[in-house]
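Notes to accompany the following structure.
The values are calculated or read from the model by the stated rules, or taken from the named source; none is laboratory data. Remember, predicted model here, so these are calculated numbers, not experimental data. For neighbour counting, all protein chains shown are included, and Cβ atoms are generated from backbone atoms with ideal geometry for every residue, glycine included.
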Amino acid sequence: MSKNQTNKTQYVLKLLREESVDKNLFEDNTHEKIAESISRLITTEEKRISIGLEGPWGSRKSTIISILKRKLKETTLSILLIQFDAWAHEGDPLRRIFLLRFGRIFPILV
């Protein structure tokens, strides 16, 4: 392109947002089935448990959590669900960040 020519190409940018939904948008209801299995595990297990969802960015882990929250609210049980987004703290000392967040939820009374 010469100095006298101007670039008239316009680019349209589209932002990808990190948003979860609380319903399954796939025909086979994969995320609904996963959330249902986790809900059944949580509501039938007698001892306290920790569950982690692992997967690449965009694999809809947050959507599964949103569906799971909805399912757990439908029960009569009192269940504490702590959601920790490790991706949001990538590069941070993960154990320290998790304990700080946990401490905000359950402050230690001295």
Name the residues in segment 37-87 that are surrounded by 15 or more Cβ atoms within 10 Å (Cβ to Cβ) and more than 12 Å from the chain's Cα centre (by Cα), would you? Ile38, Ser39, Ile42, Lys71, Leu72
Which residues, counting only those in segment 51-110, are touching a residue at least 40 places away in the same chain (Cβ under 8 Å) and not in a helix (DSSP H, G or I)? Arg60
Of the residues in segment 14-36, those that are modelled with pLDDT of 75 or more and exposed (fewer than 10 other Cβ atoms within 10 Å of the Cβ) number 1
Which count do you get for residues in segment 27-50 that are within 20 Å of Trp87 (Cα to Cα) and in a loop (DSSP other than H, G, I, E, B)? 1
